[in-house]
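Asker: Quick one: the structure is below, and I'll ask about it shortly.
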Amino acid sequence: MNSFSARIVSAICIVWLITSSYISSSFAQEFSDKEEAQAADISSALMSPFCPGRLLSDCPSASAAELKHKIKERLHAGESPDQIRESLLAIYGDQLRAAPSMQNFGLVAWLAPIVFLFGGGLLIFLWLRSNKPTGQTAVDSSVLDPELEAKVTEELNNHS
């Protein structure tokens with residue numbers, strides 16, 4: 001290949017790089033702060049379908065990043081956060097919830113800790129109340145049996 005052909009190929013490559021970077025930056029969407037905040041709220045309230053045991057907001061997977069971007073796009077298109085959340089739950093299932101719902105069995109999951117804490121507190125209260133000391137008073141230590149006092153005095157005198 002001669003130097004003229006090499007220059008043409010180099011020029012074409014440079015023009016292609018410049019135009020492709022310009023085109024890709026012009027297609028990148030800018031999201032408002034409100035949309036970013038709403039997307040963050042949604043992704044922090046849902047478990048990731050791609051990283052078991054992690055929130056969507058904490059999942060490092062490329063699929064999770066793509067899903068978070070789709071959430072932003074849907075918010076930008078005008079969908080409400082509740083619509084997006086419900087559609088994701090319809091697609092991925094109820095296991096996507098980071099916290100149990102306040103219906104059916106989910107309500108039991110919310111109320112059980114409260115009931116157990118109250119019940120435990122009640123048991124401790126009743127146990128402490130039943131273990132109160134009875135009305136017996138302490139014996140006055142200054143009053144001793146005269147025989148015992150005589151023995152103690154005798155022993156003390158013997159050892160002195």
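The values are calculated or read from the model by the stated rules, or taken from the named source; none is laboratory data. Bear in mind the structure is a predicted one, so any value in this text is a computation, not a measurement. Counting neighbours? That spans all protein chains shown, and the Cβs are built from the backbone with ideal geometry, glycine included.
Asker: So which residues in segment 60-80 are surrounded by 12 or more Cβ atoms within 10 Å (Cβ to Cβ) and either more than 17 Å from residue 48 (Cβ to Cβ) or aromatic (Phe, Trp, Tyr) (or both), if there are any at all?
Answerer: Hits for segment 60-80 are 73, 74, 75, 76, 79.
Asker: Cβ-Cβ under 8 Å, sequence separation 6+ or interchain: first residue in segment 52-67 and outside the structural domain of residue 40 (by TED's automatic domain parsing), partner of a type in the set (Asp, Glu) and modelled with pLDDT under 90. Which pairs?
Answerer: none
Asker: Can you go through 107, 75, 122, 117 and tell me which one is at pLDDT below 90 and part of a helix (DSSP H, G or I)?
Answerer: The unique qualifying residue is 107.
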